[in-house]
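Participant: I'd like to ask you about the structure that follows.
The values are calculated or read from the model by the stated rules, or taken from the named source; none is laboratory data. Everything numeric here is computed off the predicted structure, so don't read it as measured data. Don't worry about glycine lacking a Cβ; one is built from the backbone with ideal geometry, like all the others, and counts go over all protein chains shown. Ligands, DNA and RNA are stripped out before the accessible areas are found, and what is left, the full protein with its side chains, is counted by its heavy atoms. Shrake-Rupley method; radii C 1.70, N 1.55, O 1.52, S 1.80 Å.
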Amino acid sequence: MKVYPQKVPKRELHGTRNCNKWLKEPNIKSKSSNDGPLSLLAASLRHQTTEFFNNSTLHGVRYIAEKERPFCEKFMWFSFTSIGAVATCIIIVSLWEKFQTNPTITGLDTDFHNWDVPFPAVTICDLNPVDEELLQEYITNVWGTNPPVNADKMLRWLATLSYQSIADRASEFVKNPDLVGKALDDGPEPVIKSKDAVFNIVRRCESLFYDCEMKGDSEECCELLVPVFTEMGFCYAYNSRHAEKTWPWQTQTDQFAEAFIHETDAKWSFLFNSFRNDTTIEIYIHSTEEMAGLELNSQHSWDRRVEKVSFSVKHTYTTEDARQLSIRQRRCIYADERRLETSSIYTYTACMRQCRMQQCQSLCKCIPHFYPLINGYRHCTVKELECIANYTTVITDITRCSCELGCSHTVYEVEKLTQIDASKGPTATNSLEIEFVSWPMVRYKREVLFGWVDLLVSFGGIAGLFLGFSLLSGVELIYFFTLRACCALVRDKDLLSRERAARLARPKPPHDLSLVPWWKQPPVPPGERPIKLRVKEVQPPQYSPPPGYTKYLP
C-alpha cells in the first residue's frame, strides 16, 4: 500500500465546519517569495554537490549520484566508498602519530679517523676547600680578635654552599644577630658579599696542585685549573667554558681554548698531583659546554687509593635536516636554537641551571652566590638564604623546567679504576690520571627517518590506493563548494530560483508501507497514482437511532 502526501488547497478548507474552526487554515506562501540569499546558497550548494559527484575523479562516487541506478547498486557503491574513506582516515591518523612521536632514527657513525675529539672538562671538588690560615686571617680582618661564635662554621658553610646545605643549616646562622647583623641590609662583609668571602678563605691553586700533565706533556697547573662555583660548592675545573673569569689572586684574560686529542697523540689523558692527602675529592667528567650540577653525579670519589680513572665517551649528534621537525618531535634542541641568559651554547645542564635561577629570582628576589651574576639578578645575602631554604623543594623540582637534551651531547662513563699496588710501595698516592680507555671509534648519529616529504607521499599513496584521491582532487573539492558555489549564486541567480521552485513544486514520492520485498514486487512507477480523495468529498456517517428508540420525547 502506498500513501501519497497531499497538500490541501486553501479554498477547499472553508466549507468544512468553518464555524467551529476545528481545522486551522494553513499559511501557504508563494514559493518564489522565499528566495533569500541563504535559500539560493543552499540551492547552489545542492547543485554543486550533484555536479561534483557526477564529474569527480574519486572512484565510485559518480555511481552514487546517478539517478537511473537502482537503490541496491547505489548502496553498494556508497558502502565501498565509505569503507575506503574510513580506512584512509585510520591509516593517515596512524602515520601522523608516527610522524609526531618517532620521526628520527639513531645509528652508528664509524668514520672516526677524521674526528676532532674534544677532551672533556674535569671538575675537581674538594669536600673541604677552606685554607685554615686564610680562614683565621680573614676572621681577624672582619671581626677582630674577638669574633662571634660560629663565625668559622658559617664561612666553611658558605664555601661548600649547595641547596642541600642551605636547607639543612641556613636557620643555624641567619637567626644569630652577632653573625649576620640585626637589619636586613646591615652586617659584616661575609654576610653581604658571600662570594668575595669565599674567595678569601679557599685554598689557592698553587697550594693545592702541582706537576700537571696533558697528553704526556708537563703543564703549569694554575694555567690549566681555574676556580669555578658549582651547585655543590667551590671547585677547580680544567677545560671548562664556565670557569670564573676573575678572582682575587689572578685575573683570567685569555679566551677559552678547547683542548682536543688526536689519534696520533702519545697519551689521551690529563694528570695532576695534589698536596691534599687528608680529604676526599669528587671528580666530575663532563662536556666542556656543561657544568657540574644537580644533573651530574661525580664519576669518582678520590681517596688516594686510585691512580688512574679510565673513561669511555658516547657522543650523539643530530644532522641538520632534523631542523624541519619541531623540538617536541625530535626531542632535542640545537646549540644555537634557544638563547640562554647564562650561556651562549644551549645544553641541558645550562637550561636547568637557568631555570633554577629564575625560580630563585621569582620566589626570593635573589640567587645564591654559586650562580653567575648577570643582568637582572643579584646575589643573596646570608639572611636572604633563609628564603631559599624555605623554597628548596620548589626550586629543585625538575618538573617545573621545560628543558630538552641538546641535539649534540656527550656522555662520559668510567670504565676502569686502576688502584695502586700496595705491595710495591705506599698505600696512598698524590697523583691521579684521567684518560680515555681507548680511541673513540664510534659515535651516534640521529637523522630524520620520517620527514614532511615522506609524510606527504604516505598520505597521497594511501588516499590514492583507497579512493583515487590526489592533491588536485582536494583542490577540486574546495573549488566546487566555495568559489564555484559563490559565483553561481551571483551569476546564475535566476536559474537557481527556477531550479529551486521546480524542485519544491515536484510532487513528493509515495511512502511505501508495504512489507513485500522489492525483488518480489517491483515498486509502482511514479506515473501511476491512486485515486486522490479531497476533503469536501468525504461525507460524515449518517446517524441511525437504535431499535425501539422513539423519535420524540414524551
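Participant: Could you tell me how many of the residues in region 85-114 are farther than 15 Å from THR319 by Cα and not in a loop (DSSP other than H, G, I, E, B)?
Facilitator: Final tally of qualifying residues: 20.
Residue-wise test of (1) in contact with a Cys (Cβ under 9 Å, 6 or more places away or on another chain); (2) exposed (fewer than 11 other Cβ atoms within 10 Å of the Cβ); (3) modelled with pLDDT of 65 or more; (4) assigned to a loop (DSSP other than H, G, I, E, B).
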{"position": "SER473", "(1), (2), (3), (4)": "no, no, yes, no"}
{"position": "GLU476", "(1), (2), (3), (4)": "no, no, yes, no"}
{"position": "LEU489", "(1), (2), (3), (4)": "no, no, yes, no"}
{"position": "LEU495", "(1), (2), (3), (4)": "no, no, yes, no"}
{"position": "SER514", "(1), (2), (3), (4)": "no, no, yes, yes"}
{"position": "PRO525", "(1), (2), (3), (4)": "no, yes, no, yes"}
{"position": "ARG529", "(1), (2), (3), (4)": "no, no, no, yes"}
{"position": "VAL535", "(1), (2), (3), (4)": "no, no, no, yes"}
{"position": "GLN539", "(1), (2), (3), (4)": "no, yes, no, yes"}
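Participant: A follow-up question, please. For residues in region 208-220 being open to solvent by less than 50 Å² (accessible area, probe 1.4 Å) and not aliphatic (A, V, I, L, M), which is modelled with the lowest pLDDT?
Facilitator: If we take residues in region 208-220 being open to solvent by less than 50 Å² (accessible area, probe 1.4 Å) and not aliphatic (A, V, I, L, M), then GLY216 is modelled with the lowest pLDDT.
Participant: Quick one: which of GLU307, GLU295, GLU282 is of a type in the set (Asp, Glu) and at pLDDT below 90? Walk me through how you get there before you give the answer.
Facilitator: Values: GLU307 fails: at pLDDT below 90; GLU282 fails: at pLDDT below 90.
So the residue among GLU307, GLU295, GLU282 that is of a type in the set (Asp, Glu) and at pLDDT below 90 is GLU295.
Participant: Taking region 121-137 as the region of interest, how many residues are assigned to a helix (DSSP H, G or I) and among the charged types (D, E, K, R)?
Facilitator: Going residue by residue through region 121-137, those that are assigned to a helix (DSSP H, G or I) are 132-137.
Then drop every residue that is not among the charged types (D, E, K, R), which leaves 132-133, 137.
Looking only at that region, the number is 3.
Participant: Take ARG156 and decide whether it is farther than 30 Å from GLY451 by Cα, open to solvent by 50 Å² or more (accessible area, probe 1.4 Å) and modelled with pLDDT of 90 or more.
Facilitator: Yes.
Participant: Restricting to region 226-277, and then to whatever is among the β-branched types (Val, Ile, Thr) and at pLDDT below 80, can you tell me which residue is surrounded by the most Cβ atoms within 10 Å (Cβ to Cβ)?
Facilitator: The selected residue is THR246.
Participant: Which one is surrounded by the fewest Cβ atoms within 10 Å (Cβ to Cβ), of the residues in region 353-373 that are among the hydrophobic types (A, V, I, L, M, F, W, C) and within 19 Å of PHE234 (Cα to Cα)?
Facilitator: Restricting to residues being among the hydrophobic types (A, V, I, L, M, F, W, C) and within 19 Å of PHE234 (Cα to Cα), the top hit is LEU373.
Participant: Considering region 413-429 alone, what residues qualify as being surrounded by fewer than 16 Cβ atoms within 10 Å (Cβ to Cβ) and not hydrophobic (A, V, I, L, M, F, W, C)?
Facilitator: GLU413, GLU415, LYS416, THR418, GLN419, ASP421, SER423, LYS424, GLY425, PRO426, THR427 - these are the residues of region 413-429 that are surrounded by fewer than 16 Cβ atoms within 10 Å (Cβ to Cβ) and not hydrophobic (A, V, I, L, M, F, W, C).
Quick grid of which residues meet (1) polar (S, T, N, Q); (2) closer than 30 Å to GLU415 by Cα; (3) in a strand (DSSP E or B):
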{"residue": "ARG328", "(1), (2), (3)": "no, no, no"}
{"residue": "THR342", "(1), (2), (3)": "yes, no, no"}
{"residue": "ILE345", "(1), (2), (3)": "no, yes, no"}
{"residue": "PRO372", "(1), (2), (3)": "no, no, no"}
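Participant: Okay, next question. Can CYS205 be described as under 27 Å from THR429 (Cα atoms), surrounded by 13 or more Cβ atoms within 10 Å (Cβ to Cβ), at pLDDT below 90 and more than 43 Å from the chain's Cα centre (by Cα)?
Facilitator: Values: under 27 Å from THR429 (Cα atoms): yes; surrounded by 13 or more Cβ atoms within 10 Å (Cβ to Cβ): yes; at pLDDT below 90: yes; more than 43 Å from the chain's Cα centre (by Cα): yes.
In short, yes.
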